[in-house]
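Notes follow the structure.
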Amino acid sequence: MTLLTLAGAHLAYGHRALLDGAALALADGERVALIGRNGEGKSSLLKILAGLEQPDDGTLQTAVGLTRAFVAQEPEFAAGASVFDAVADGVAEARALRERFERHAAGDDLDALQSRLEALDGWTWEQRVHETIERLRLQASEALATLSGGTRKRVALARALVAAPQLLLLDEPTNHLDIDAIEWLQALLVARRGALVFVSHDRAFIDAVATRIVELDRGRLRDWSDAPAASGAAATSGAFAAYEQAKARELQAESLAQARADKLLAQEEVWIRKGVEARRTRSAGRVARLQRLRAERAARRDTLGRVRLGVDAGVAPGRIVAELRDVSLRYGERLVIDRFGTTVQRGDKIGIVGPNGAGKTSLLRLILGELAPTSGTVRRGTRLQVAYFDQQRAALDADATLADTISPGSEWIERQESGRTVRKHVTSYLGDFLFAPERAGAPVRTLSGGERNRLLLARLFALPANVLVLDEPTNDLDIDTLELLEDLLQDYAGTVFLVSHDRRFLDHVVTSTIAWEGDPAFGGRPGLWREYEGGYEDWRRQRERARVAAPAVASARPPQQPAPPRERNALRAKLGYKAQRELEALPARIDALEAEQKALDVLLADPGFFVRAPQEAAAAASRHAQIEDELMACLERWEALSSATAGPP
């Protein structure tokens, strides 16, 4: 069943056309990812689909009675509202109708009101609100003003879901959410009935949720559902990889076709300028073709250029960037970091993951020496030049111009590139980040969220730095810029600290991960942080193994009190002498293996160990895997021997 059809849509702001004959059909049950460059008009298109704005031209046809809900990138709520009040706004019509029905005001058609209330399921709207709040793990009585950005996003989603819309439209739903919340949202959207259109830059989220990818490119909508699967990728998990491959092929073919057209146009321009020859040949058809080629070239919208990223790594710091030994941090009674230690060396690229409020920023400030620990020691390296990317964009003055933001008081920027000093005008440098020359004098407040992040990157990379601290740099950036930033950080010679909710970005950039592990479900405790080799997926696999192994190890523990004589006699009666001795020795063997594994964990958590002694590091990693197998064998043997002794003494 087709829910919505958009045909011939045009929308322009000033001289720039955001939509130029865009068309889209949406069927019930589809989950469409809408992608495109920053400033292409994705949010405007979502608002048109939601019925909040009208196109300049074109038609939008919807199914009869179609219900729609839109969640903006930065949701807005009434001042002083609670979570319950905000979510209840999603059933505002049902609330108003029930109040009218209960008032029995003169002139109201009670039969019509009752019919509409039943259609909206309005008699039980309070129950639906409470169920939705509970489902999204919110507290009904909390004031919105006290909530974090991620929790406010969940409130906005609850407000949209409580009305059970047939079509849900989400603008950057993963912004401000931590990784656990993103994975929870993925599962919620996949299990939900109805259609979904969402804008996102999170490639892993797109792969997990979308059944179709639609790109807004130069005013037109291109459906990539027919893109062939990426080589070696599963059909269900490689949708974005398939899109990237197909897009690259199409752009290459388009570039070749345009080059041929430009060559033909140049030849015809040379011919027409030979006025005598053109008149002599009387080739009216050739002249008409030239006019057509000119019109096609004038109407062509070239692809937007790519951001040109480059960073000056500055002077090389000492080998050790930071060393933390048994560091703890408390805020009042709350333990944020508990006895954490690590050594950060020059060139390390470290990802920091954890839920919102776990203390990721506090840990960064400890490492950088901006915050003193409650206990333990922090030693910083020498000659550190730190550049900081703040997710709140606090470094940007909304009233300053773009040029003053990049290079205050000067029109020139000097940077080191490939060992030589390069001097570039600020307007040209802004052009590398896709800012037109005429916008150099525009104030920062006129920029969109993605453009502000691009400006912050431009400011960051204009200065020499051997340590980059990136706090959620991927918010609002388009996918092309994300991939270029990945390439830059992979080749960067300095040290990188990266806080991000973009799982694929973490996997592509970092070499080790510091993770919050305070979740009791995984055997954690308050303030527990651990460092792992590899990216997000490597950490998740290791955490899952720990979660599975924890109950088995706990259940394998023998009773602390010695068995009474009667029970020991029963054990001997059911087990042979050797089996009985083996059973008694297993707990000590398990403890010894766990102690050895813990020691290896500490050793392998030091990135410098792999540099200092690569052969010993390889042997330690091999032994670590071997211990895992031996532990499982001991636990299985313990279970088998214990079951043999089951029964009344």
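Before moving on, here are some points about what is shown:
- Filter result (open to solvent by 30 Å² or more (accessible area, probe 1.4 Å) and over 24 Å from Asp207 (Cβ atoms)) within segment 33-54: Gly39, Lys47, Gly51, Leu52, Glu53, Gln54
- Segment 1-21, subset open to solvent by less than 40 Å² (accessible area, probe 1.4 Å) and within 30 Å of the chain's Cα centre (by Cα), residue farthest from Gly65 (Cα to Cα): Ala17
- From the list Glu99, Glu93, the lone residue that is of a type outside the set (S, T, N, Q), touching a residue at least 12 places away in the same chain (Cβ under 8 Å), surrounded by fewer than 16 Cβ atoms within 10 Å (Cβ to Cβ) and at negative phi is Glu93.
- Conditions (1) closer than 30 Å to Leu4 by Cβ; (2) without any contact (Cβ under 8 Å) to a residue 40 or more places away in the chain: number failed by Ala105: (1)
- Residue check for Arg454: open to solvent by 30 Å² or more (accessible area, probe 1.4 Å) and among the charged types (D, E, K, R): no
- Take the conditions (1) of a type outside the set (Ser, Thr, Tyr); (2) within 20 Å of Thr481 (Cα to Cα); (3) out of contact with any strand residue (DSSP E or B) (no Cβ under 9 Å at 6 or more places or on another chain); Pro408 misses just one of them, which is (2).
- Tally of residues being part of a loop (DSSP other than H, G, I, E, B) and open to solvent by less than 80 Å² (accessible area, probe 1.4 Å) across segment 113-137: 2
- Some residue of segment 138-154 being on the phi > 0 side of the Ramachandran plot and not in a helix (DSSP H, G or I): no
- Scanning segment 182-211 for residues that are open to solvent by less than 10 Å² (accessible area, probe 1.4 Å) and over 24 Å from Leu66 (Cβ atoms) gives Ile182, His201, Asp202, Arg203, Phe205, Ile206.
- For segment 169-187, the tally of residues that are modelled with pLDDT under 90 and either of a type in the set (Asp, Glu) or within 27 Å of Thr5 (Cβ to Cβ) (or both) stands at 5.
- Qualifying residue in segment 215-223 (condition: closer than 23 Å to Gly29 by Cα, open to solvent by 60 Å² or more (accessible area, probe 1.4 Å) and either at pLDDT 70 or above or outside any helix (DSSP H, G or I) (or both)): yes
- Among residues of segment 474-491 that are more than 19 Å from Ser43 (Cα to Cα), those with a Cβ under 6 angstrom from a residue that is modelled with pLDDT of 80 or more and open to solvent by 10 Å² or more (accessible area, probe 1.4 Å), sequence gap 6+ or separate chain, pair up as Glu486/His508.
- Pair list, Cβ < 8 Å and 6+ apart or interchain, from segment 422-450 residues that are under 21 Å from Asp478 (Cβ atoms) and of a type in the set (Ser, Thr, Tyr) to residues that are part of a loop (DSSP other than H, G, I, E, B) and open to solvent by less than 40 Å² (accessible area, probe 1.4 Å): Tyr429/Ser407; Tyr429/Ala462; Ser448/Asn38; Ser448/Gly39; Ser448/Asp476
- If only residues of segment 148-171 that are over 14 Å from Ala72 (Cα atoms) and touching a helix residue (DSSP H, G or I) at 6+ places or on another chain (Cβ under 7 Å) are counted, the one that is most open to solvent (accessible area, probe 1.4 Å) is Ala163.
- Close pairs (6 angstrom Cβ cut-off, 6 or more residues apart or separate chains): in contact (Cβ under 8 Å) with a residue 24 or more places away in the chain and basic (Lys, Arg) in segment 320-345, surrounded by fewer than 14 Cβ atoms within 10 Å (Cβ to Cβ) and in a strand (DSSP E or B) anywhere: Arg325/Thr377; Arg339/Asp326
- Selection from segment 489-498 of residues that are at pLDDT 90 or above and either surrounded by fewer than 22 Cβ atoms within 10 Å (Cβ to Cβ) or among the small types (Gly, Ala, Ser) (or both): Val496
- Residues in segment 570-604 that are over 30 Å from Tyr532 (Cβ atoms) and at pLDDT 75 or above were compared, and the one that is surrounded by the fewest Cβ atoms within 10 Å (Cβ to Cβ) is Ala585.
- Tabulated pairs, segment 158-184, first among the acidic types (Asp, Glu), second assigned to a helix (DSSP H, G or I) and open to solvent by 20 Å² or more (accessible area, probe 1.4 Å), C-beta under 8 angstrom, 6+ apart or interchain: Asp171/Lys42; Asp171/Ser43
- Single match in Leu489, Leu498 (criterion: assigned to a helix (DSSP H, G or I) and within 22 Å of Gly354 (Cβ to Cβ)): Leu489
- Criterion violated by Trp539 - all others in (1) surrounded by fewer than 22 Cβ atoms within 10 Å (Cβ to Cβ); (2) over 16 Å from the mean Cα position of the chain (by Cα) satisfied: (1)
- Screening Asp399 with (1) closer than 27 Å to Ser500 by Cβ; (2) open to solvent by 40 Å² or more (accessible area, probe 1.4 Å); (3) under 30 Å from the mean Cα position of the chain (by Cα); (4) modelled with pLDDT under 90 gives one miss only, at (1).
The values are calculated or read from the model by the stated rules, or taken from the named source; none is laboratory data. Computed from a predicted model, the values in this text were never measured in an experiment. Neighbour counts are summed over all protein chains in view; Cβ atoms, including those assigned to glycine, are modelled from backbone coordinates with ideal geometry. Protein only, heavy atoms only, side chains kept; ligands, DNA and RNA dropped before computing areas. Shrake-Rupley method; radii C 1.70, N 1.55, O 1.52, S 1.80 Å.
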